[in-house]
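In what follows, a structure is listed as structure tokens, so that the remarks can point back to it.
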Amino acid sequence: MDIESHRFISFFESEQAAELCQRATVENFTNQTILFEEGEKPDFLYLVLAGRVEFRKKLGTNHFQTLATALPNGYFGELGILDGQPRSAQAIVYGGTVLGKIERHHLMEIVNSTKGSVVVKLFNYTIQRLRESTEAYVKQLVYKERMVLMGEMLNTVIHDLNSPLIGIHLSSSVLKEVHTDTETAQWCDLIQAQAKRISAMTEDLLEFAQGNTILRKQPLNLAQALEIFQELNSVYLREAQVELVIQAEDVVVNADENKLMRVWQNLLNNAVESFNGHGGRVEIKAWEREKQVQIEITDNGPGIPEVIRERLFESFVTYGKGTGTGLGTAIAKSIIDAHGGKISFESYSQHGTTFYISLPLEAKALNSC
Ligand SMILES: Nc1ncnc2c1ncn2[C@@H]1O[C@H](COP(=O)(O)OP(=O)(O)OP(=O)(O)O)[C@@H](O)[C@H]1O
Ligand SMILES: [Mg+2]
């Protein structure tokens, strides 16, 4: 849209509207540009002409809470302009975005000489936006509070939950030994695989509740670990009609095996879930190059929905699943970060997704280990 047809301009009488358009500058911003930080002095009013801007508060090193979003025909920054108080949140651009900018003193000059009815329109719109963002904020707070409570509860029941899980595991092993036919073996494998998944899921949730990642590093042969991973998932994959192909060099890294397995498991689960029962193919490759250990996990599923791609690694970002909590990729990232590595992805609609993981050579086992 152009600046003349923007909602904010339409609040003003024609003469003042023309003056505002003349004073405004139009700028293009690239993805992830930070327009202003929390606490900065307000200098401009921004009119969104194309794209999207999000307002978020920093909660931790890599954690932000989104408070509100501005879309085309919306505007922001007026509160700071009016009361002169520092910005209350960070503003960040998502995707290619076009904004009209009006300097504070130009705007104040025009607003000061404007009719009361114009001010009322501005006021109404601002109140409406404040109400919307407060509602969204309260909703998020309630949701997070619930997750924290769930984490505290998990902390207390996890020990009790592990005992019956071990019982299930042992009973099915005994059953397999007593009844040596293939069908019993298959069912017992399935029982064990599912018990293991329950255990992994509770650990994921517990880890999230604790909010940190403690590593128990040891020299780990990636090819061997991936073979075990494949075995552990054999029944799950057969049931889901998914082929898992592994190509791994004999690379040894100093890593937390259980945590790394959890990363692979979360990414594999996502790929399998994306096939939606129609079956598919997942390929995991691992090799060493340029002082880095590289791991690639590729599936030929429908691709990650475009609307969540930019925020995939944030907690609670989930899409199209009734039961998803949106923690799988957030946990995977926190584990890779804790190893000093990097995780990213490429995804193409209807063609599939590849996750790229790199672990630094420093994480590699020393010969003496
Ligand atoms: N390989 C993939 N193919 C297609 N979509 C994917 C893939 N991986 C992730 N997604 C999408 O990303 C969303 C977020 O994934 P994430 O693992 O973080 O959470 P979740 O799977 O929804 O929930 P949880 O893992 O906590 O059970 C998924 O809901 C899904 O829509
Ligand atoms: Mg998941």
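Just checking, which of 295, 284, 304, 308 is farther than 21 Å from residue 227 by Cβ and surrounded by 20 or more Cβ atoms within 10 Å (Cβ to Cβ)? Outline the logic, then answer.
On the way: 295 fails: farther than 21 Å from residue 227 by Cβ; 284 fails: farther than 21 Å from residue 227 by Cβ; 308 fails: surrounded by 20 or more Cβ atoms within 10 Å (Cβ to Cβ).
Within the list 295, 284, 304, 308, the selection yields 304.
Right, residue 349: of a type outside the set (Lys, Arg) and surrounded by fewer than 20 Cβ atoms within 10 Å (Cβ to Cβ) or not? Quick ask: steps written out before the conclusion?
Details: of a type outside the set (Lys, Arg): yes; surrounded by fewer than 20 Cβ atoms within 10 Å (Cβ to Cβ): yes.
In short, yes.
Which of the residues belonging to segment 262-294 are of a type in the set (Phe, Trp, Tyr) and out of contact with any helix residue (DSSP H, G or I) (no Cβ under 8 Å at 6 or more places or on another chain)?
Looking only at segment 262-294, we keep the residues that are of a type in the set (Phe, Trp, Tyr), and these are 264, 275, 287.
Across segment 262-294, the qualifying residues are 275, 287.
Looking only at segment 286-307, which residues are in a strand (DSSP E or B) and more than 16 Å from ligand 2 (Cβ to nearest atom)? Give the derivation first.
Going through segment 286-307, the residues in a strand (DSSP E or B) turn out to be 286-289, 292-299.
Result: 286, 287, 288, 289, 292, 293, 294, 295, 296, 298.
Test residue 93 against the criterion of being under 21 Å from residue 11 (Cβ atoms) and surrounded by 16 or more Cβ atoms within 10 Å (Cβ to Cβ), and give yes or no.
Details: under 21 Å from residue 11 (Cβ atoms): no; surrounded by 16 or more Cβ atoms within 10 Å (Cβ to Cβ): yes.
Criteria not met by residue 93.
Just to be sure I understand, how many residues within segment 294-335 are of a type outside the set (Phe, Trp, Tyr) and under 14 Å from the mean Cα position of the chain (by Cα)? Give the steps one after another, and end with the answer.
Within segment 294-335, the subset of a type outside the set (Phe, Trp, Tyr) is 294-312, 314-315, 317-318, 320-335.
Of the ones still in play, those that are also under 14 Å from the mean Cα position of the chain (by Cα) are 304-312, 314-315, 317-318, 324-335.
Here the count works out to 25.
Could you please tell me which pairs satisfy a Cβ distance under 6 Å, a separation of 6+ or placement on different chains, a first residue in segment 309-328 that is within 21 Å of residue 346 (Cβ to Cβ) and within 11 Å of ligand 2 (Cβ to nearest atom), and a second residue that is hydrophobic (A, V, I, L, M, F, W, C) and at pLDDT below 85?
Matching pairs, first to second residue: 326/316.
Only one residue in 69, 126, 134 is hydroxyl-bearing (Ser, Thr, Tyr), surrounded by 12 or more Cβ atoms within 10 Å (Cβ to Cβ), at pLDDT 85 or above and not assigned by TED's automatic domain parsing to the domain that holds residue 193, so which one is that? Talk me through it step by step, then tell me what you get.
Details: 126 fails: at pLDDT 85 or above; 134 fails: at pLDDT 85 or above.
Of the residues listed, the single one that is hydroxyl-bearing (Ser, Thr, Tyr), surrounded by 12 or more Cβ atoms within 10 Å (Cβ to Cβ), at pLDDT 85 or above and not assigned by TED's automatic domain parsing to the domain that holds residue 193 is 69.
Buried (at least 20 other Cβ atoms within 10 Å of the Cβ), modelled with pLDDT of 90 or more and not in a loop (DSSP other than H, G, I, E, B): which single residue out of 55, 8 fits that description? Don't jump to the end; show me each part of the working.
Working: 55 fails: modelled with pLDDT of 90 or more.
Among 55, 8, only 8 is buried (at least 20 other Cβ atoms within 10 Å of the Cβ), modelled with pLDDT of 90 or more and not in a loop (DSSP other than H, G, I, E, B).
For segment 261-285, how many residues are more than 15 Å from ligand 2 (Cβ to nearest atom) and in contact (Cβ under 8 Å) with a residue 40 or more places away in the chain?
1
Of all residues in segment 235-260 being assigned to a loop (DSSP other than H, G, I, E, B) and within 30 Å of residue 320 (Cβ to Cβ), which is nearest to ligand 2 (Cβ to nearest atom)?
Narrowing segment 235-260 to residues assigned to a loop (DSSP other than H, G, I, E, B): 240-241, 249-251, 256.
Those left that are additionally within 30 Å of residue 320 (Cβ to Cβ): 240-241.
Working: 240: 14, 241: 19 Å.
Restricting to residues being assigned to a loop (DSSP other than H, G, I, E, B) and within 30 Å of residue 320 (Cβ to Cβ), the top hit is 240.
Select, from 8, 55, 64, 36, the only residue that is closer than 21 Å to residue 121 by Cβ, out of contact with any Cys (no Cβ under 8 Å at 6 or more places or on another chain), assigned by TED's automatic domain parsing to the domain that holds residue 88 and aromatic (Phe, Trp, Tyr).
Values: 55 fails: closer than 21 Å to residue 121 by Cβ; 64 fails: closer than 21 Å to residue 121 by Cβ; 36 fails: closer than 21 Å to residue 121 by Cβ.
One residue alone meets the criteria, 8.
Consider only pairs whose beta carbons are under 6 Å apart and that are at least six residues apart or on different chains; among these, list those whose first residue lies in segment 246-258 and is among the charged types (D, E, K, R) and whose second residue is in a loop (DSSP other than H, G, I, E, B).
Close Cβ pairs (under 6 Å, with a partner that is in a loop (DSSP other than H, G, I, E, B)) amount to 256/215; 256/216; 256/217.
Quick check on residue 300: is it among the polar types (S, T, N, Q), more than 9 Å from ligand 1 (Cβ to nearest atom), in contact with a His (Cβ under 8 Å, 6 or more places away or on another chain) and assigned by TED's automatic domain parsing to the domain that holds residue 354?
On the way: among the polar types (S, T, N, Q): yes; more than 9 Å from ligand 1 (Cβ to nearest atom): yes; in contact with a His (Cβ under 8 Å, 6 or more places away or on another chain): yes; assigned by TED's automatic domain parsing to the domain that holds residue 354: yes.
Judged against the criteria, residue 300 is a match.
The values are calculated or read from the model by the stated rules, or taken from the named source; none is laboratory data. Predicted model only: the values in this text are computed from it and were never measured. Virtual Cβ from ideal backbone geometry, glycine too; neighbours counted across all protein chains shown.
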